Amino acid sequence: MKYQEELAACTECIASTNVCLIEHMGEKEMKTCHQLCLDCLSVCTACVQLMARNSDYLQQVTRVCTDLCNQCAEECDKFDSDVCKDCAKACRRCAEACGDIS
């Protein structure tokens, strides 16, 4: 299957953003982090689906994914939490992988 590395990176990002959300649910100071994690979760899921279908729209969506994942990583890095640091790493890996497509 095409896009194996990219699929793995997006899937890891989906998992990491979910963990970050669950771990820090309700922490008001992390509102922006939560919003970015939710957006990453949605866009990465879309990327996985479009990669699986080799969609003609994949490049446009991976450009959005790259930008969004980089923003999420920056936000997660602001917090002193292993879960947030792991999420930031996964987001950066996903941004890099999706950047290779777009």
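The values are calculated or read from the model by the stated rules, or taken from the named source; none is laboratory data. Since the model is a prediction, treat every value here as computed from it, not as a measurement. So basically every Cβ, Gly included, is an ideal-geometry build from the backbone, and we count neighbours across all protein chains shown.
Details
- Against the criterion of being of a type outside the set (Ser, Thr, Tyr) and surrounded by 15 or more Cβ atoms within 10 Å (Cβ to Cβ), ILE14 qualifies.
- Evaluating THR17 against the criteria (1) over 17 Å from CYS87 (Cα atoms); (2) hydroxyl-bearing (Ser, Thr, Tyr); (3) touching a residue at least 60 places away in the same chain (Cβ under 8 Å) leaves one unmet condition, (1).
- Where LYS89 falls short, out of the listed (1) touching a helix residue (DSSP H, G or I) at 6+ places or on another chain (Cβ under 6 Å); (2) of a type outside the set (A, V, I, L, M); (3) at pLDDT 95 or above: (1)
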